[in-house]
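Only one structure is covered here, and it is reproduced in the block below.
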Amino acid sequence: MCNPPTKSKLTVPTTSIPNAAATATPITKSELAKHNTPTSAWCALHSTPRTNPSSTNQSHIVLDITKFASTHPGGDLILLAAGKDASVLFETYHPRGVHPSIVQRLQIGVMEENAFNDSFYDWNSDFYKVLKSRVVQRLEERGLNTRGSGEIWLKAALLLIGFWTCLYYMIISENYPVALAASVGMGSFAAFVGTCIQHDGNHGAFAKNRLVNKFAGWTLDMIGASAFTWEIQHMLGHHPYTNVLDEVEKEKLEKLDDCPIEEKDQESDPDVFSSFPLMRMHPLQKPSWFHKYQHIYAPLLFALMTLAKVFQQDFEVATSKRLYHIDANGRYGSFFNVARFWAMKLITMIYMMGLPIYAHGLFKGMGLFVLGHLVCGELLATMFIVNHVIEGVSYAAKTLPNESAKEKVVKPTTVNGDTPMEKTRQHVAAMENKSKAAAPFVPYNDWAAVQCQTSVNWSPGSWFWNHFSGGLSHQIEHHLFPSICHTNYYHIQDVVESTCQEYGVPYQSQPNLFVAYGKMLSHLKFLGRSKSA
């Protein structure tokens with residue numbers, strides 16, 4: 001039996017709804033979806049915990065965040081929530097909580113009954129509430145800000161100097177082998193700019209200052225990609241719904257049966273089913289004959305990742321204002337943002353491709369540009385692909401409610417059909433028998449528990465590898481606390497691991513990157529040869 005819901009700063013109690021809003025006509029999902037731009041931005045928040053998947057008492061309130069975006073402490077990141085159910089973003093980006101008066105001031109109404117009752121997640125457990133309070137306490141004990149400070153700023157300065165120095169010598173060097181070496185350096189530094197600067201900046205974690213965060217996030221545009229497209233895919237798709245696949249959307253894609261964007265379900269991870277062509281990265285995907293070789297060609301394909309982002313995905317999203325099943329108007333519905341997109345694409349093409357071509361000729365100049373991207377793509381993929389596509393990681397599926405099913409919740413499982421959370425619970429139960437202390441029950445589809453089941457760390461607790469990877473080595477901590485700067489992850493790692501153990505939630509890790517990479521390739525080999533789940 002689940003623990004009874006407890007009040008917290010992050011849960012907006014039903015009694016907080018003003019009378020005027022409570023008596024107004026309920027807002028429909030289609031009406032909410034219309035307010036999806038920076039000039040008209042509404043979002044929905046759950047106001048009561050989700051006690052079980054079949055509950056008929058799902059209460060959501062509606063906030064008008066249009067004007068608030070200009071004063072929001074986290075900057076205009078809040079506009080990513082425009083037109084959507086922002087419950088996951090609200091819960092996960094405020095580890096210290098949000099005062100109810102702020103929510104009440106922004107509230108303009110309530111959603112129609114059961115508007116979002118098909119959500120995959122359960123929010124009734126105390127696990128995430130307790131974990132957040134413990135992590136905040138640890139940071140306060142060590143005098144650390146949740147957002148970045150001098151440690152990340154110094155690293156950022158060194159990385160930017162390295163990027164521009166390598167780019168400079170790539171252009172001016174008359175010795176082509178030296179230019180090639182500079183291109184490799186430029187691509188390497190670009191990868192670390194992506195993991196160590198823009199990542200925190202676009203999560204609002206680089207600094208307390210809104211403007212500093214914006215400039216940190218802008219460094220992704222500086223190296224050729226679009227920060228807006230990255231935010232949409234990463235923060236609206238991958239982070240909230242890690243390794244979750246919407247089976248209905250999957251079937252529609254396979255049948256080429258599209259529907260209006262406002263009718264699409266947002267609860268699906270674009271990284272696992274659409275980011276890499278020719279790859280099978282989820283057991284629910286149908287295998288093809290070539291997938292049996294994917295563990296061989298995967299490293300080559302990963303190297304092409306940034307080229308595909310820069311020349312294909314960015315333009316598709318900016319022009320269509322959607323990324324697969326995700327509405328992108330929260331970013332590309334702004335004239336200024338669209339102008340910034342095209343201006344930065346033009347400027348970066350000039351200094352990253354145009355100037356090398358001018359200095360070295362067409363073929364040599366293009367060779368330098370492509371080489372830098374291949375190095376950047378390979379480095380990025382090497383560090384982050386192992387976190388969610390690896391032996392032991394779980395996958396989740398969101399299906400239509402089936403009244404005949406014995407269980408309403410589909411348990412996240414591995415490709416072998418194992419449920420790591422069950423094994424962890426069995427271990428905790430064995431410990432309980434010895435200590436006679438009962439561990440709190442956490443649902444399989446508890447949001448925080450799903451993040452732990454679908455993510456794997458490598459080199460946990462290491463200061464060096466945490467800095468080297470921009471916190472990607474502590475992927476569990478990052479997914480649980482995306483608004484906390486990555487320089488803090490090794491400070492809170494033991495808190496997260498011990499709390500997971502206490503609550504019977506899996507905490508998986510590999511000893512180092514090299515072991516993790518090997519297990520990732522082995523996992524891809526298995527996925528390529530196994531049948532669809």
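So the values come out like this:
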| quantity | calculated |
| --- | --- |
| Count - residues of the range 13-61 that are among the hydrophobic types (A, V, I, L, M, F, W, C), open to solvent by 60 Å² or more (accessible area, probe 1.4 Å) and at pLDDT 70 or above | 0 |
| One residue from ARG105, ARG138 being part of a helix (DSSP H, G or I), surrounded by fewer than 21 Cβ atoms within 10 Å (Cβ to Cβ) and touching a residue at least 12 places away in the same chain (Cβ under 8 Å) | ARG138 |
| Residues within the range 190-201 that are more than 9 Å from VAL375 (Cβ to Cβ) and touching a Cys at 6+ places or on another chain (Cβ under 6 Å), tallied | 1 |
| Qualifying positions in the range 319-340 - more than 17 Å from SER268 (Cβ to Cβ), surrounded by 20 or more Cβ atoms within 10 Å (Cβ to Cβ) and touching a strand residue (DSSP E or B) at 6+ places or on another chain (Cβ under 8 Å) | ASN329, GLY330, GLY333 |
| For LEU167: the one exception among (1) hydrophobic (A, V, I, L, M, F, W, C); (2) within 29 Å of ASN337 (Cα to Cα); (3) open to solvent by 20 Å² or more (accessible area, probe 1.4 Å); (4) in contact with a helix residue (DSSP H, G or I) (Cβ under 6 Å, 6 or more places away or on another chain) | (3) |
| Breaking point among (1) in contact (Cβ under 8 Å) with a residue 60 or more places away in the chain; (2) crowded, with 24+ Cβ neighbours inside 10 Å; (3) of a type outside the set (A, V, I, L, M), for THR195 | (2) |
| Residue in the range 392-424 that is surrounded by the fewest Cβ atoms within 10 Å (Cβ to Cβ), counting only those that are small (Gly, Ala, Ser) and at pLDDT below 85 | SER404 |
| All positions within the range 508-533 that are open to solvent by 40 Å² or more (accessible area, probe 1.4 Å) and part of a loop (DSSP other than H, G, I, E, B) | GLN508, PRO511, ASN512, LYS531, SER532, ALA533 |
| Residues located in the range 281-314, provided they are of a type outside the set (A, V, I, L, M), in contact (Cβ under 8 Å) with a residue 24 or more places away in the chain and closer than 30 Å to MET349 by Cβ | PRO299, PHE302, THR306, LYS309, GLN313, ASP314 |
| Among (1) open to solvent by 10 Å² or more (accessible area, probe 1.4 Å); (2) in contact with a His (Cβ under 8 Å, 6 or more places away or on another chain); (3) not polar (S, T, N, Q) - the single one GLY470 does not satisfy | (1) |
| Set ILE152, ILE171: member being of a type outside the set (Gly, Ala, Ser), touching a Cys at 6+ places or on another chain (Cβ under 7 Å) and closer than 30 Å to VAL375 by Cβ | ILE152 |
| Among (1) over 29 Å from LEU139 (Cα atoms); (2) in contact (Cβ under 8 Å) with a residue 60 or more places away in the chain, the one test that LEU472 misses | (1) |
| Lone qualifier among ASN145, ASN124 - being out of contact with any Phe, Trp or Tyr (no Cβ under 7 Å at 6 or more places or on another chain), open to solvent by 60 Å² or more (accessible area, probe 1.4 Å) and modelled with pLDDT under 95 | ASN145 |
| Any chance VAL184 is surrounded by fewer than 22 Cβ atoms within 10 Å (Cβ to Cβ), closer than 30 Å to ILE357 by Cα and either modelled with pLDDT of 95 or more or not polar (S, T, N, Q) (or both) | yes |
| Odd one out for VAL389, checked against (1) surrounded by 20 or more Cβ atoms within 10 Å (Cβ to Cβ); (2) more than 28 Å from TRP218 (Cβ to Cβ); (3) modelled with pLDDT of 95 or more; (4) among the hydrophobic types (A, V, I, L, M, F, W, C) | (3) |
| Test: LEU368 is among the aliphatic types (A, V, I, L, M) and at pLDDT 95 or above | yes |
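The values are calculated or read from the model by the stated rules, or taken from the named source; none is laboratory data. It should be emphasised that the depicted structure is a prediction, and the values quoted were computed from it without experimental measurement. A quick note on method: Cβ atoms are made from the backbone with ideal geometry, for glycine too, and the neighbour counts reach across all protein chains shown. These area figures cover heavy atoms from the full protein model, side chains too; ligands, DNA and RNA do not enter into them. Shrake-Rupley method; radii C 1.70, N 1.55, O 1.52, S 1.80 Å.
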